[in-house]
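Note sheet for the following structure.
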Ligand code: SAH
């Protein structure tokens, strides 16, 4: 079922072989409730508790493909990556296949702990789960080759652009003037920031503080 899902992602326009291999390597059914296991390989977001959702596979693949298209990545492996919004840990596991280190922050303690539990059996030594407010980024791991957000805010926080490496990319959902969310890319080249707005997306809101 996973192989079929990956084939559909390729048919849907994901062309980076590393991204497809990474999605193929991670058993998504291990991240959802047992009652939802039969839907784990459908291209849909699913509830993971505390009002949050596991992202749609096509969106996870699309965002990681955009990260890998950063000028500094040259389509290959990424260095250190920061993820805001660990949720159940699925995307962190996929990222671990394409990045040297993954720092993933979650603001809800219950989900941070669930992700730790979910990821235990995968034994991914390059995934570092952090409990805290991702709006502040994680300065200790900076600079990052890529920053990816799984929750959409009103703007891309300056802390993220500060913690982004030269040639790196931020890929994040952001609320637009029409109140819809769109995927945004922020690139840093020669110290300058360049923002590109892409397609409409639907993510849970980026919230400040911990709970
Ligand atoms: N990456 C997950 C998606 C989780 S949904 C996956 O693989 O499916 C997005 C998550 O972002 C939620 O768990 C939510 O609690 C979290 N979140 C929202 N605002 C945040 C913030 N400021 N810092 C850290 N996590 C945040």
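The values are calculated or read from the model by the stated rules, or taken from the named source; none is laboratory data. Since we're looking at a predicted model, the values are computed, not measured. We place every Cβ from the backbone using ideal geometry, glycine too, and count neighbours over all the protein chains shown.
Among the residues examined, residue 136 qualifies as touching a helix residue (DSSP H, G or I) at 6+ places or on another chain (Cβ under 9 Å) and without any contact (Cβ under 8 Å) to a residue 60 or more places away in the chain. Among the residues of the range 97-118, the ones that are touching a helix residue (DSSP H, G or I) at 6+ places or on another chain (Cβ under 8 Å), outside any strand (DSSP E or B) and more than 9 Å from the ligand (Cβ to nearest atom) come to 3 in all. Going through (1) under 18 Å from the mean Cα position of the chain (by Cα); (2) within 12 Å of the ligand (Cβ to nearest atom) one by one, residue 200 falls short only on (2).
Considering every residue within the range 166-181, establish whether at least one is away from the ligand (no atom under 16 Å from the Cβ), under 20 Å from residue 92 (Cβ atoms) and in contact (Cβ under 8 Å) with a residue 60 or more places away in the chain.
If we filter the range 166-181 for residues that are away from the ligand (no atom under 16 Å from the Cβ), which is where we start, we get 166-169, 176-180.
Subset that is under 20 Å from residue 92 (Cβ atoms): 168-169.
Those still in the list that are in contact (Cβ under 8 Å) with a residue 60 or more places away in the chain too: 168-169.
Checking the range 166-181: at least one residue is away from the ligand (no atom under 16 Å from the Cβ), under 20 Å from residue 92 (Cβ atoms) and in contact (Cβ under 8 Å) with a residue 60 or more places away in the chain.
Only one entry of 3, 10 meets the criterion of being in contact with a helix residue (DSSP H, G or I) (Cβ under 9 Å, 6 or more places away or on another chain), loosely packed, with under 13 Cβ neighbours inside 10 Å, farther than 30 Å from residue 139 by Cβ and without any contact (Cβ under 8 Å) to a residue 40 or more places away in the chain, and that entry is 3. Given the criteria at pLDDT 95 or above, more than 19 Å from residue 22 (Cα to Cα) and buried (at least 22 other Cβ atoms within 10 Å of the Cβ), does residue 106 qualify? In short, yes. Before we move on, is residue 152 assigned to a strand (DSSP E or B) and either away from the ligand (no atom under 11 Å from the Cβ) or over 15 Å from residue 63 (Cβ atoms) (or both)? It is false that residue 152 is assigned to a strand (DSSP E or B) and either away from the ligand (no atom under 11 Å from the Cβ) or over 15 Å from residue 63 (Cβ atoms) (or both). Restricted to the range 13-38, and to residues there that are surrounded by fewer than 17 Cβ atoms within 10 Å (Cβ to Cβ) and within 14 Å of the ligand (Cβ to nearest atom), the residue that is nearest to residue 111 (Cα to Cα) is 33. Taken together, 67, 50, 78, 36 contain a single residue that is more than 18 Å from the chain's Cα centre (by Cα) and touching a residue at least 60 places away in the same chain (Cβ under 8 Å), which is 50. Where strands (runs of 3 or more DSSP E) fall wholly inside the range 1-89, the ranges with 1 or more residues that are under 29 Å from residue 165 (Cβ atoms) are 52-54, 78-84.
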